[in-house]
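Visitor: Attaching a single structure in structure tokens format; questions to follow.
The values are calculated or read from the model by the stated rules, or taken from the named source; none is laboratory data. The structure presented is a predicted model; accordingly, all values stated were derived computationally and were not measured. For neighbour counting, all protein chains shown are included, and Cβ atoms are generated from backbone atoms with ideal geometry for every residue, glycine included.
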Amino acid sequence: MPKITLPDGSARNYDAATSGAEIAASIGKSLARDAVAVRINGELRDLTRVIDDDASVEILTRDSDDGLELLRHDAAHVLAEAVKELWPDTQVTIGPAIENGFYYDFSREEPFTESDLEAIEARMKDIVDRDEAIEREVWERDKAAEFFRGIGEEYKAEIIEGIPSDEDLTLYRQGDFIDLCRGPHLPSTGKLGKAFKLTHVSGAYWRGDSNNEMLQRIYGTAWSNEKQLRKYLNMLEEAEKRDHRRLGRVMDLFHFQEEAPGAVFWHPKGWNLFQSLINFMREQQNAAGYQEINTPEIMSRALWESSGHWNTFGDNMFTTETVDGRQYAIKPMNCPGHVQVFKQGITSYRDLPVRLAEFGKCHRYEPSGALHGMMRVRAFTQDDAHIFCTPEQITDESIAVCDLILGIYRSFGFDDIRIKFADRPEARVGEDAVWDQAEAALIKALEAAGLEYTHNPGEGAFYGPKLEFVLRDAIGRDWQCGTLQVDLNMPGRLGASYIGEDGNKHLPVMLHRAIFGSLERFMGILIEHHAGNLPLWLAPVQVKVLTITSEADEYADEVAAELRARGIRAETDLRNEKISYKVREHSVAKVPVQFAVGQRELENRTVAMRRLGSKKQQVMPLDEAIENLLSEVESRA
RNA sequence: GCCCACAUAGCUCAGGGGCAGAGCACUUCCUUGGUAAGGAAGAGGUCCCCGGUUCAAAUCCGGGUGUGGGCUCCA
């Protein structure tokens, strides 16, 4: 006689063993319809799982986070079933739910094509219509391995052999398709519904290891209902409209070309924006006690060998050899250069912390497949800084860096920021005791600053643990930009020291920090976040002065000259075109403010001001318009 | 680096073994207009590069480069 306790605290008694499905049905019709799984004493289970003892039970519907994840996992299984029906020789491997959808990795000779996707999707919908029951079976490990090997599923057999022998293996059967899976699953394929879509194919290494076979991966998206699916597909379209590569062209900011893969050709407007970012950062970090320096872009191979970079990243460094056979590397990062500056002269503990900053242009020979617009380039500019301090100063300095980073992100309109703590990777330099100390110091700073964070195990740099600052953009995508790393290794490797209170030499702690990360990447994110509609203080052309008739040409020139004299970036458009044509063109180019001037404005020394995105315009005296704009620029709104 | 796809005018793209196409942009002319495309004419090409097949290749095949979507990587 199981007693079932529901999440609202109410309890029900059942005469005999029951199941999630029965409980849902006894509560209500709509719950029975929307139920996809059940949580029994905190464990996610199939709706049909027998409950024969007292338990706390929560019915999960398709709209819940867990329910949706289950739905996506089932979509992956239905995908695999469809592929096996269409091409029985294909081997299945794994197919998990992921953010927004699912994928399944297959092994087969022929790659899937776009038209295959249509056929597979149609077959998946047939399987949903068939409403096949999805049944859980417990198998013995060796028998299961033998079974899968018997039907030619070598990958499944390999997975089973990796599962501990004392663990029960579960297989899920739907129609003629049977798959190894921990579960849980929906009660039947019909429950999946049809709010899914296959999106693309790609390659993926077996078990994520580039030494293994390349499998064929099919990606799809799945949602609890059609409306959600449409919303997601619209978001993808929106993302495409915001693509910085497209906007970079229409805004005339930059271009790429074949002769310099992964390197930006900056156009005047793009470079203007780049300089605005640098100027802002310079102002902020100078106020925070940083000193700006500049270090050589080409330095001897020997320096990179002693820093450890040659050994760890040598394949990804651009190198150069002179006619007389000297070997140099183009800097992939600024740290070793900064240590050289710190090492000049003798530093006392009284001088610490020393905060050295550089807008350093770095080059990394990134794998060709990794390049992606401005988000991943081979030539980029870091807003890099290194803080040399005593161990006692780590916490305060780290807190200050966190404050600086979060404040700067807010200035650019990013309010949703997550922090990840990444600790020691497998490939690293330095003693474990030193790592213990560095990791503890970073956590202590996070806690002292009262910041929430998540743990990212094994993702630290090879010389120290790090904090990663991830910002979420206007359409919900996450970007990792800033970083703060505690390094107790590099100063020793490169021979940096300071004289302590005791008169002896000590190793300084080195904090690495970047806020934009890469200026190029940050600008790409900024463009996409604002969909190109940059705030006034950043827009490369802030005001465009448009003439309505040629009689106003001279006045337009005067207006633009006045704007520029007051520090506003302004250009004129005196072309023999209709005003609506000009308005459209500069709106498309994302100019935030347009001043239209014609006969009336000329006579009254006014301007008709139109803001990007607005359909209205406001006529006001030129001086007043300038004052308004200046205060907006000043406030960085 | 690996898998798949793509590469044609400044841009977006159509075409396709036998004369290189459209729209927008550009130039000139007409038009001087009141807030997201006024009209006409003109100019513009190594069809990514190198080979091969063929009487003939932008088109078919092979290799390379670049780009896109992923995988791996990201100091």
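Visitor: Testing residue A:320 on (1) farther than 23 Å from residue A:516 by Cβ; (2) touching an Asp or Glu at 6+ places or on another chain (Cβ under 8 Å), one condition comes back false. Which one is that?
Guide: For residue A:320, the failing item is (2).
Visitor: I'd like the residue in segment A:407-426 that is in contact with a Gly (Cβ under 9 Å, 6 or more places away or on another chain) and in a helix (DSSP H, G or I) and, out of all such residues, is nearest to residue A:474 (Cα to Cα).
Guide: Checking each candidate, the answer is A:409.
Visitor: A further question follows. Mind checking whether some residue in segment A:327-342 is within 15 Å of RNA strand B (Cβ to nearest atom), touching a Cys at 6+ places or on another chain (Cβ under 7 Å) and among the aliphatic types (A, V, I, L, M)?
Guide: Within segment A:327-342, one or more residues are within 15 Å of RNA strand B (Cβ to nearest atom), touching a Cys at 6+ places or on another chain (Cβ under 7 Å) and among the aliphatic types (A, V, I, L, M).
Visitor: I'd like the residue in segment A:87-107 that is loosely packed, with under 14 Cβ neighbours inside 10 Å and either under 20 Å from residue A:192 (Cα atoms) or touching a Leu at 6+ places or on another chain (Cβ under 9 Å) (or both) and, out of all such residues, is modelled with the highest pLDDT. Break it down into steps so the answer makes sense when it comes.
Guide: Taking segment A:87-107 first, the residues loosely packed, with under 14 Cβ neighbours inside 10 Å are A:88-89, A:96, A:99.
Keeping just the survivors that are either under 20 Å from residue A:192 (Cα atoms) or touching a Leu at 6+ places or on another chain (Cβ under 9 Å) (or both) gives A:96, A:99.
On the way: A:96: 96, A:99: 92.
For segment A:87-107, the residue satisfying everything is A:96.
Visitor: While we're here: Within segment A:30-45, is even one residue β-branched (Val, Ile, Thr) and more than 27 Å from residue A:180 (Cβ to Cβ)?
Guide: No - not one qualifying residue is present in segment A:30-45.
Visitor: Sticking with this one: Look through A:485, A:480 and report the one residue that is of a type outside the set (A, V, I, L, M), surrounded by fewer than 17 Cβ atoms within 10 Å (Cβ to Cβ) and under 18 Å from residue A:512 (Cα atoms).
Guide: A:480 is the lone residue from the list that is of a type outside the set (A, V, I, L, M), surrounded by fewer than 17 Cβ atoms within 10 Å (Cβ to Cβ) and under 18 Å from residue A:512 (Cα atoms).
Visitor: Now a separate question. Would you be able to say whether some residue in segment A:338-358 is surrounded by fewer than 20 Cβ atoms within 10 Å (Cβ to Cβ), assigned to a helix (DSSP H, G or I), touching a helix residue (DSSP H, G or I) at 6+ places or on another chain (Cβ under 9 Å) and not aromatic (Phe, Trp, Tyr)?
Guide: Taking every residue of segment A:338-358 in turn, at least one turns out to be surrounded by fewer than 20 Cβ atoms within 10 Å (Cβ to Cβ), assigned to a helix (DSSP H, G or I), touching a helix residue (DSSP H, G or I) at 6+ places or on another chain (Cβ under 9 Å) and not aromatic (Phe, Trp, Tyr).
Visitor: Looking at (1) touching a residue at least 24 places away in the same chain (Cβ under 8 Å); (2) of a type outside the set (S, T, N, Q); (3) not in a strand (DSSP E or B), can you tell me which one residue A:384 breaks?
Guide: Single failed check for residue A:384: (3).
Visitor: Working carefully through the options A:524, A:517, find the one that is crowded, with 24+ Cβ neighbours inside 10 Å and under 30 Å from the mean Cα position of the chain (by Cα).
Guide: Going through A:524, A:517 in turn, just one is crowded, with 24+ Cβ neighbours inside 10 Å and under 30 Å from the mean Cα position of the chain (by Cα): A:524.
Visitor: Okay, moving on. Go through (1) assigned to a strand (DSSP E or B); (2) free of Cβ contacts under 8 Å to residues at least 40 places away in the same chain; (3) under 15 Å from residue A:84 (Cα atoms) and name the single condition residue A:171 misses.
Guide: Looking at each condition in turn, residue A:171 falls short on (3).
Visitor: Tally up the residues in segment A:9-49 that are surrounded by 14 or more Cβ atoms within 10 Å (Cβ to Cβ) and of a type outside the set (Asp, Glu), please.
Guide: Qualifying residue count for the region: 23.
Visitor: So which residues in segment A:134-153 are surrounded by fewer than 12 Cβ atoms within 10 Å (Cβ to Cβ) and part of a helix (DSSP H, G or I), if there are any at all?
Guide: A:143, A:150
Visitor: Any residue that is within 31 Å of the chain's Cα centre (by Cα) and either touching a residue at least 12 places away in the same chain (Cβ under 8 Å) or within 21 Å of residue A:218 (Cβ to Cβ) (or both) - is there at least one of those in segment A:132-146?
Guide: The answer is no; no qualifying residue exists.
Visitor: Shifting gears a bit: Which of the following residues is surrounded by 16 or more Cβ atoms within 10 Å (Cβ to Cβ) and assigned to a strand (DSSP E or B): A:117, A:198?
Guide: Matching residue, one of A:117, A:198: A:198.
Visitor: Same structure again: Just to verify a result, which residue in segment A:392-430, among those that are under 17 Å from the mean Cα position of the chain (by Cα) and among the charged types (D, E, K, R), is farthest from residue A:635 (Cα to Cα)?
Guide: In this case the residue turns out to be A:420.
Visitor: Sticking with this one: Looking at segment A:490-511 only, could you name the residues that are within 11 Å of RNA strand B (Cβ to nearest atom) and either touching an Asp or Glu at 6+ places or on another chain (Cβ under 6 Å) or of a type in the set (S, T, N, Q) (or both)? Break it down stepwise before answering.
Guide: First, the residues of segment A:490-511 that are within 11 Å of RNA strand B (Cβ to nearest atom): A:490.
Passing the criteria: none in range.
Visitor: So, one more: Any residue in segment A:233-255 that is within 13 Å of RNA strand B (Cβ to nearest atom) sitting within a Cβ distance under 8 Å of a residue that is of a type in the set (Asp, Glu)? List the pairs, counting only those 6 or more apart or interchain.
Guide: A:239/A:528; A:242/A:528; A:243/A:528; A:244/A:528; A:246/A:240; A:247/A:528
Visitor: I'm trying to understand the selection: among the residues of segment A:203-232, which are part of a strand (DSSP E or B) and within 9 Å of RNA strand B (Cβ to nearest atom)?
Guide: Across segment A:203-232, the qualifying residues are A:203, A:204, A:205, A:214, A:215, A:216, A:217, A:219.
Visitor: Mind listing whichever residues of segment A:419-473 are surrounded by fewer than 17 Cβ atoms within 10 Å (Cβ to Cβ) and at positive phi?
Guide: A:450, A:458
Visitor: Quick one: in segment A:323-353, of everything that is closer than 17 Å to residue A:501 by Cβ and not basic (Lys, Arg), which residue is nearest to the chain's Cα centre (by Cα)?
Guide: Selected residue: A:353.
Visitor: Only helices (runs of 4 or more DSSP H) wholly contained in segment A:537-637 count here; list those with 1 or more residues that are in contact (Cβ under 8 Å) with a residue 60 or more places away in the chain, surrounded by 15 or more Cβ atoms within 10 Å (Cβ to Cβ) and not hydroxyl-bearing (Ser, Thr, Tyr).
Guide: Once the helices (runs of 4 or more DSSP H) in segment A:537-637 are filtered for at least 1 residues that are in contact (Cβ under 8 Å) with a residue 60 or more places away in the chain, surrounded by 15 or more Cβ atoms within 10 Å (Cβ to Cβ) and not hydroxyl-bearing (Ser, Thr, Tyr), what remains is A:553-565, A:622-635.
Visitor: Does segment A:458-469 include one or more residues that are over 23 Å from residue A:589 (Cα atoms), away from RNA strand B (no atom under 14 Å from the Cβ) and modelled with pLDDT under 95?
Guide: no
Visitor: Could you count how many residues in segment A:177-187 are free of Cβ contacts under 8 Å to residues at least 60 places away in the same chain and in contact with a helix residue (DSSP H, G or I) (Cβ under 9 Å, 6 or more places away or on another chain)? Break it down into steps so the answer makes sense when it comes.
Guide: The first filter runs over segment A:177-187 and keeps only residues free of Cβ contacts under 8 Å to residues at least 60 places away in the same chain, leaving A:178, A:180, A:182.
Of the ones still in play, those that are also in contact with a helix residue (DSSP H, G or I) (Cβ under 9 Å, 6 or more places away or on another chain) are A:178, A:180.
Of the residues in segment A:177-187, 2 are free of Cβ contacts under 8 Å to residues at least 60 places away in the same chain and in contact with a helix residue (DSSP H, G or I) (Cβ under 9 Å, 6 or more places away or on another chain).
Visitor: Looking at this structure, is residue A:284 more than 16 Å from RNA strand B (Cβ to nearest atom) and touching a helix residue (DSSP H, G or I) at 6+ places or on another chain (Cβ under 7 Å)?
Guide: Working: more than 16 Å from RNA strand B (Cβ to nearest atom): yes; touching a helix residue (DSSP H, G or I) at 6+ places or on another chain (Cβ under 7 Å): yes.
Spelling it out, residue A:284 is indeed more than 16 Å from RNA strand B (Cβ to nearest atom) and touching a helix residue (DSSP H, G or I) at 6+ places or on another chain (Cβ under 7 Å).
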